[in-house]
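Notes follow the structure.
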Amino acid sequence: MTLAVRVPEELSARVPAEQRGPGRGRGDVRLLVSRGTEVAHHAFRELPGLLRAGDLLVVNTSPTLAAAVNGRIGHARVVVHFSTRGDDGRWAVELRVPDGDGTTRARAGGPVGARVRLPGGARLVLEEPLSPGSGRLWWARVSPGGAVPGVLREHGRPIRYSYTERDQPLSVYQTVFALPSADGAGSAEMPSAARPFTAGLVAELVSRGVRFAPVTLHTGVASAEAHEPPYPERFAVPEASARLINAGRAGDGRVLAVGTTAVRAVESAAGADGVVRARAGWTDLVVTPARGVRVVDGLLTGLHEPEASHLLMLAAVAGRAAIDRGYEEALRGRYLWHEFGDVHLILPQEC
């Protein structure tokens, strides 16, 4: 799915909301609300008044990693993006060319056996492409074994792209729902739909009868060159959250996902009957209008590029006409795009 729109460069959010002026916080972003093709404009801080008691928000607890690390292949400088930790200790990685404005140009990763020197004496060896015919993401092994969490902690920085103004500390990329992972796994890029939430806003939502169901999906790197479907990613839906979601679907409330990552996780744990069961592992699910959604009634999400594969998921939830209309309004209203930008709440049309 491709939208027939163009996003002007000046609508890229270059810094987080809290850095755009005195007294501003994370929640100081705009909120576009779609109910079918009806669109309304709000501030994100108005979210509690747009939800109702009994609504259930499915949130992703994956922490964001300091996943970009400088390295060298021979005399050439590269930036390694650590994307996804595999079950066998390997990592899916992407090599990029540093340019001083974020790492925006992918570098061919091969050949097999290529070695990347990392800070602190660690070595990364490319073993095989992540998928046949792909030269962008590779399975790689780091020696000494188990070194990656330490390398990221001591030498890593958050992945950023050239539309942002400068590097930011890792804390800027953590959401209020993030929980540390015992094995060092996490998301290469922030589950950004949840970024505007604060502890105070969560407390207000809970006081109004809105519930939360935590799930985990460790998202890998996106592609700035080609908007490919997402690669397989690790996810987990715990038993307690499965029960909450099923109870929500059986009641009068709505099941609303916070972010496309939460949709992918919960839909991966749903059977054809729509019943969610506790599951953990890898998912290669791509939610499309043809597949549809079985669990979520709506979602809160960022504004995606017109070619992004995420738009298929949005159309599966709300329909193509609603997404087209919402994006027309976002452009007309000068909403900001990308991970530090404004957000879009997609609600069922009848509500």
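Throughout, read-outs are computed from the coordinates displayed, never taken from laboratory work. All values derive from a computational prediction rather than experimental measurement. Note: ideal-geometry Cβ built from the backbone for every residue, glycine included; neighbour counts use all protein chains shown.
Per residue of the range 36-48, what does 6.51 cos²θ - 1.76 cosθ + 1.60 with θ = phi - 60° give for ³J(HN,Hα)? Whole Hz please, x for Gly and Pro, Karplus curve as stated.
3J(HN,Hα) across the range 36-48, in whole Hz: x, 8, 7, 10, 10, 10, 9, 8, 4, 5, 7, 3, x.
With the crude spin-label approximation of a point 7 Å out along Cα→Cβ, what separation in nm comes out for ALA203 versus HIS75?
Rounded to a tenth, the inter-label distance reads 5.9 nm.
Specify the inter-centroid distance of the range 314-351 and the range 270-296, based on alpha-carbon positions, in whole Å.
First find each Cα centre; the distance between them is then 22 Å.
Based on DSSP H runs of at least 4 residues, each adding -39500 (n - 2.57), what is the mean residue ellipticity at 222 nm of the chain after dividing by all its residues, to the nearest 500 deg cm²/dmol? Mind showing how you got there, number by number?
On the way: 7 runs with 64 residues, N = 351.
Computed ellipticity for the chain at 222 nm equals -5000 deg cm²/dmol.
Would you tally the net charge around ARG277, using a Cβ to Cβ cut-off of less than 15 Å, leaving ARG277 out, and scoring K and R as +1, D and E as -1?
On the way: positive: ARG243, ARG249, ARG279, ARG294; negative: GLU239, GLU267, ASP273.
Around ARG277, the charge tally is +1.
In vacuum, with every alpha carbon of the chain counted as one equal point scatterer, what does the Debye formula give for log10 I(q)/I(0) at q = 0.11, 0.13, 0.14 Å⁻¹? Two decimals, please.
Debye intensities relative to I(0), on a log10 scale: -0.72, -1.01, -1.17.
Could you calculate the contour length gain from ARG243 to GLU38, that is, 0.36 nm times the residue separation minus the distance between their Cα atoms, to one decimal place in nm? All intermediate terms of the calculation are to be shown ahead of the outcome.
Numbers: separation 205, 0.36 × 205 = 73.80 nm, distance 3.23 nm.
Net length gain for the segment: 70.6 nm.
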